[in-house]
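Everything on this sheet refers to the single structure shown next.
The values are calculated or read from the model by the stated rules, or taken from the named source; none is laboratory data. Not measured: the values here are computed from a predicted model. Neighbour counts are summed over all protein chains in view; Cβ atoms, including those assigned to glycine, are modelled from backbone coordinates with ideal geometry.
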Amino acid sequence: MIGIAIVLMFLLTQATGNRELYERNYGRLFAINMVVAGLLLLVIGWFIVRLASRLRSGKFGSRLLVKLAAIFALVGFVPGLLIYVVSYQFVSRSIESWFDVKVEGALDAGLSLGRSTLDTLAHDLANKTRAAANQLAEVPDTSAALALERMREPLSANDLILWSGTGQLLASAGQSRMLLSPERPTAQQLRTVRAQRATSVIEGLEDPSPGAVSQARIKALAVVPGPGLGLSAEPRVLQVTQSLPPTLVANAVAVQDAHREYQERALARDGLRRMYIGTLTLSLFLAVFGAIFLAVLLGNQLARPLLLLAAGVREVAAGDLSPKPVLLGKDELGGLTRSFAEMTQQLADARGAVEQSMVQVNAARAHLQTILDNLTAGVIVLDEQGRIETSNPGATRILRFPLAAHEGRKLAEIEGLESFGAAVQAQFDDYMNDRLQHGLDHWQQSFELNPVQGGGPGQGGAITLVARGAEMPSDEPGRFSRLLVFDDISEIVSAQRAQAWGEVARRLAHEIKNPLTPIQLSAERLAYKLGDKVAEPERAVLRKSVQTIVDQVDAMKRLVNEFREYARLPSAELKPIDLNGLVSDVLHLYVRVGESGAGSQVPVRAELDPTCPKILGDAQQLRQVIHNLLQNAQDATEASATREVLIRTQWNEANRRVRLVVRDSGTGFPEHILKRAFEPYVTTKDKGTGLGLAVVKKIADEHGARIDVKNRVEDGVIAGAQVSLSFAVAA
């Protein structure tokens, strides 16, 4: 508040010395003065109300504060009031003395003197211009310029111009000779000069700026008499321009400005008086405010130690052990506040140690929860009756069931998990019976969850789990919870099956292929040797039997060859290749086979992304992958109403991988096949070994590609199957 008051008084000082600033900010300054005065009154009133409230509530030290405030307010108000009365009289009389009658008369006389001097100069130039016009009476227009040049110096003129009666330039001398179109007299000036024969006007005094004052001038016009007595001759007008002395102009303007400013201040003397009185009043308020403020400040210095102790005791009683303020004084009250603060700090340190221990416990719990949430394995905590206490997201992902929504229920009572829950409960019961006798600390068992209808655990194929159980302490003393940890090893089992099938395929190729050729040759030799030695009925039976043996041997050879290819698939030689070009080559061969009638008649539609970059791959193996996928898709679509196979490439710039998709319009895969679709000898076709997708999976693994198979569902109905592979791009 004091700072605002100082700024206001400074602005008032500037306003009285600068008339424009005073006029521009008078209303604003007066309004701010009133606002600040009102705020000071409110602050003083607030102090009084607060002291009265403290006194009524009986707060410690309030009576002392009231006495000190009254004493200091009285000490500040009485001298301030005396100074205010004296200053009020002084300002009122001083402002009236500024506006003396003699000063006003002197300013009026000076203004009249300046105007008379300018009028005299203008009248004198008009007479000289009339005499010069008479000299031009017999001078023709062609010789007028020379005559004007001779007259310029005697007239002390800056410019002479001879105009026609209609305002047309006839001749000029002086500064106007350099102008293309000098300023012509106005129509009013031409009418005036014709009526009075001569006239003058002072220009440039309207604008008081320094540049305009330096260009002040007197312009005189006179009618040039015509030669002879001809009445029809057009009258000419002589214009003479003479610059006014700069000193004279400056003095005249200064007297005029001083007279105008004096008149304005004389009119605003009442406002100026109110402004100064308002400033004095504001100073009185400041004095009273300062006195009351000092009273409260000094009273607080005396009562503050006792108030601090009283407030501190109340806070400690309410359980607030935050650091307490102390006084730095060397007296007994200051020492008492320091001792109380030390005691409070010791209590706060003890509480902080307990809270830190709790924070560490909570952090460890949060850390453990984060680990459980991010584990790939499933974790379920059960009580003694087998009810779910908590589970991690891994358990929900593996079992494909929202376990968090079933906390508090028994695992064996959840639909779809009955057999799994019962088996787990049985394992825990056996473990609890045998752990003390045999010293066991856990049990481990594998389970297989079969698919169920309507969604749930096992959806999409059987799940093979390996589970481990142990007992753990509960939050309640004397009780124990049961910890169940399990993981999905279906992929590992599938990989083991694939490895076993590879070994079987290698042995089949070795053990079966060798006797097939002798069997085929022996059958053909029998047909050759006995064909002519038996009767016609027996010959037909012989030929049919031999043909059957040969056909079955060929089928066995094809089977053995497929097993050999699966078992002895060479390592991929990864090189940068164009996947779009490779697909086009395979499709070109496919179209030709279809057109010859030897292949399938199911059409293949290609959607190739032209932005696909090159990938790392083995062209020969990828050609086999594309052929196997297209062949399977065509076989699946043969009996469908929508006979079409789609092969698509797509570039995903976000993860920088190229995707190959083969989509059919068949009946899709049964749910129990989807989980094991890439295992050997798993097929839905009546004929075939089921090695097509197994070979594709093996080649994809060699290329580091991600492979996925799923059914396409449209409007809740299976519309076909889709196999997709995702390849890394070449560097």
Exercise for review: Return a yes/no flag: does region 336-343 have any residue that is over 20 Å from Ser322 (Cβ atoms) and free of Cβ contacts under 8 Å to residues at least 24 places away in the same chain.
Suggested key: no
Exercise for review: Hey, can you tell me all the residues within region 551-580 that are out of contact with any helix residue (DSSP H, G or I) (no Cβ under 6 Å at 6 or more places or on another chain), at pLDDT 75 or above, surrounded by 13 or more Cβ atoms within 10 Å (Cβ to Cβ) and under 24 Å from Phe727 (Cβ atoms)?
Suggested key: Leu574, Asp578, Leu579, Asn580
Practice item. Can you confirm whether region 303-314 contains a residue that is in a helix (DSSP H, G or I) and modelled with pLDDT under 70? Key: yes
Practice item. Please name all residue pairs, on different chains or six or more residues apart, with Cβ atoms under 7 Å, provided the first residue is in region 615-628 and is surrounded by fewer than 17 Cβ atoms within 10 Å (Cβ to Cβ) and the second residue is outside any helix (DSSP H, G or I) and at pLDDT 90 or above. Key: Ala619/Ile577
Review point. Which of the residues spanning region 585-614 are modelled with pLDDT of 85 or more and surrounded by 13 or more Cβ atoms within 10 Å (Cβ to Cβ)?
Key: Asp585, Val586, Leu587, Pro603, Val604, Ala606, Leu608, Asp609, Cys612, Pro613, Lys614
Revision key, fill the gap. A careful count of residues in region 351-386 that are exposed (fewer than 11 other Cβ atoms within 10 Å of the Cβ) and among the small types (Gly, Ala, Ser) gives 5
Practice item. Would you list the helices (runs of 4 or more DSSP H) that sit entirely within region 178-291 and hold 1 or more residues that are modelled with pLDDT under 75? Key: 210-213, 246-267
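Rundown of residues vs (1) over 22 Å from Val583 (Cα atoms); (2) modelled with pLDDT under 85, yes/no style:
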residue	(1), (2)
Val625	no, no
Thr642	yes, yes
Arg656	no, no
Leu660	no, no
Gly692	no, yes
Lys698	no, yes
Glu702	no, yes
